Amino acid sequence: MISTEELAGMIDHTNIKPNATKYDIKKLCNECIEYNFSSACVTPTNVPLACEFLGNSEIKVCSVIGFPFGTNKSEIKAFEALVAVEDGAEELDMVMNIGAIKSSENAFVQRDIEGVVESADAMVVKVIIETAILTDSEKISASILCQKAGADYVKTSTGIGYSGANVHDVSLIRETIGQTMGVKASGGIRNLKTALKMIDAGASKIGTSTGPAIMNELLKK
């Protein structure tokens with residue numbers, strides 16, 4: 001069985017809801033500190049707030065970029081990433097241009113990711129490929145392009161509007177990229193059983209809004 005320290009270190013505790021208040025972000029950050037999660041994942045406007053609430057803790061602030069559809073122009077994504085880093089974000093979860101990958105515009109997709117990687121200034125970049133609306137062939141292509149563009153992780157899902165992570169997709173991404181990158185499983189991971197299935201399939205990070213509930217399940221075992 002995975003240890004509590006290991007699991008906590010794999011969780012990006014998340015609140016990216018459009019109606020998240022200052023008090024919701026404070027609660028998120030307090031929970032991150034209590035359980036020693038890897039990061040607090042928030043929307044760009046809440047990055048400074050999360051940095052303030054996390055204070056001198058070792059918890060990282062993660063910002064979403066081009067969220068939730070990935071259809072912002074590449075220049076906008078790159079600038080959004082630059083501002084997020086300036087505001088204190090240490091990790092960035094960007095949304096890939098999904099229409100472009102489905103149109104086989106691979107060079108464009110790679111450049112789109114590279115722009116964020118360059119703006120990230122060596123901070124961790126995870127690329128959300130929204131697996132629920134890609135074919136397996138497209139998932140493989142998207143994962144390879146993330147690798148070529150210098151991203152650090154391939155992430156399954158935004159968790160907004162589509163089904164989230166599943167074992168097949170996590171396993172397929174891991175098989176495609178090998179051990180050179182991380183895989184972040186996100187969307188619909190609300191209990192310990194599901195989280196462990198994703199980890200067994202090859203996930204190295206778990207994105208969830210129910211981190212404390214998952215940890216409490218493990219603590220009871």
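Taking 4.7 Å between C-beta atoms as the pairing limit, the chain has these partnerless cysteines: Cys29, Cys32, Cys51, Cys146. Multiplying the residue separation of Ser171 and Ser137 by 0.36 nm and removing their Cα-Cα distance gives an extension gain of 10.9 nm. In order along region 37-48, phi translates into HN-Hα couplings of 5, 5, 7, 9, 9, 9, 6, x, 5, 9, 4, x Hz, rounded to whole numbers, per the Karplus curve 6.51 cos²θ - 1.76 cosθ + 1.60 with θ = phi - 60° and x for Gly and Pro. The chymotrypsin sites (Phe, Trp or Tyr not before Pro) of region 28-112 that meet both conditions, a loop assignment by DSSP and at most 16 other Cβ atoms within 10 Å of the site Cβ, are Phe69. Enumerate the amide H contacts of Ile128 below 5 Å, restricted to partners 5 or more residues apart or on another chain; note that Pro and chain-start residues carry no placed amide H. Sorted by chain and number, the residues that satisfy this are Met94, Val95, Met96, Lys155.
Note that region 120-136 has calculated 3J(HN,Hα) couplings of 5, 6, 6, 6, 5, 10, 10, 10, 7, 9, 6, 4, 4, 10, 10, 6, 4 Hz, one per residue in order, obtained from phi through the Karplus relation 6.51 cos²θ - 1.76 cosθ + 1.60 (θ = phi - 60°); glycine and proline are x.
Taking only DSSP H segments of four or more residues, each worth -39500 (n - 2.57), what value at 222 nm results for the chain once the sum is divided by all its residues, to the nearest 500 deg cm²/dmol? -14000 deg cm²/dmol, from helical runs alone.
Here log10 I(q)/I(0) by the Debye sum over Cα atoms at q = 0.07, 0.11, 0.14, 0.17 Å⁻¹ was computed from the coordinates, and among (i) -0.23, -0.56, -0.87, -1.17; (ii) -0.19, -0.47, -0.78, -1.16; (iii) -0.21, -0.54, -0.89, -1.34 the match is (ii). Bridgeable lysines around Lys220 (alpha carbons under 18 Å apart, same-chain partners fewer than 8 residues away excluded): Lys193.
The numbers here are math on the coordinates, done by the rules we state, and not lab data. Small disclaimer: the values here were computed from a predicted structure and weren't measured. Counting neighbours? That spans all protein chains shown, and the Cβs are built from the backbone with ideal geometry, glycine included.
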